[in-house]
1. Please compute the contact order of region 50-134 in relative form: average sequence separation of alpha-carbon pairs under 8 Å and at least six residues apart, divided by the residue count, as a percent.
2. For the chain, what does the relative contact order come out to in percent, with C-alpha contacts under 8 Å and a separation of six or more?
3. Return the carbon/sulfur percentage of the accessible area of the chain, one whole number, probe 1.4 Å, all protein chains in place.
4. Return one number: the angle in degrees, 0 to 90 and rounded to the nearest 10, between the long axis of the Cα atoms of helix 3-24 and the longest principal axis of the Cα atoms of the chain.
5. Counting pairs of Cα atoms in region 146-235, how many percent are more than 15 Å apart?
6. Could you provide, to the nearest whole Å², the per residue accessible area of the chain with probe 1.4 Å?
7. Which shape class applies to region 145-188: rounded if a/c is under 1.5, otherwise prolate when a/b exceeds b/c and oblate if not, where a ≥ b ≥ c are the square roots of the Cα gyration tensor eigenvalues?
Amino acid sequence: MCAVQIKHLIISFLLVLINALGHAQTNLVNNPSFETYSTCPSTWSQIGFCTGWGQPTNHYGSPDYDNSCCTTTTSGVPVNAYGSQAAYSGDAYVGLIMKGGGSLAQYREYVQGTLSSALVAGSPYVVSARIAHAQNSQNSSDDFGIHFGTTAPQLSSSGGGTLGVTPQVANASGNFLSTNGWVLFQDTFVAAGGEQYITIGSFASTPNSQSTGTSTGWAHVYVYVDDVHVYLLQS
């Protein structure tokens, strides 16, 4: 075999390998690091400006969209109302109250989106996200989950509590999300089939919480979320 033929074979093999790896790692989450937006945020509660993301119907919990394009310190990156945190990926992330403080203990915030394609029944999927506890949050929690549904979870009437669904992937009990800086959340699950809606937040009615020792700031449990991935696990 001549050198030219060997070279062509090597190139063909590499192209097949790259294509296979790319297919195995195809992220089904649209706008996974929240970079794309219709309007730059100027204050909190503007998740609707982030392309492809929103909040559940009838739920008045209002997630925050933070982006370095913001010219105020309310929803900027790295500095915003809940602390100072550089984005894990790119220039943006979302912020969620996982559990309200004081009399607002039942208050939750969820961010919700649509996958690029529905999940296949019986197939295993890897789910991951980067989470950072906000510096100005006085309390932390061990409750964090991601739910997948054939329909988007919502409330039948206006409210701000839990959605009444169980997430397929969830943070381990006792693993408190109290470290400032990004940590990896990752889990796997087998799809029932047809799930195309993703919802991120705290799903427990009474999540465990503990003080972080921060005496100033907000009594809420508040986290930043970035770099969300969902992909088929290839054997």
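The values are calculated or read from the model by the stated rules, or taken from the named source; none is laboratory data. Quick caveat, the model's predicted, so the values are computed rather than measured. Ligands, DNA and RNA are excluded from the accessible area calculation, which covers all protein heavy atoms including side chains. Shrake-Rupley method; radii C 1.70, N 1.55, O 1.52, S 1.80 Å.
1. In percent, rounded to a whole number, it is 29.
2. Dividing the mean separation by the residue count of the chain yields 27 percent.
3. In the chain, the share of accessible area belonging to carbon and sulfur is 54 percent.
4. So the helix axis and the longest Cα principal axis differ by about 30 degrees.
5. Within region 146-235, distances greater than 15 Å cover 69 percent of Cα pairs.
6. Counting only protein heavy atoms, the per-residue value for the chain is 46 Å².
7. Here region 145-188 falls in the prolate category.
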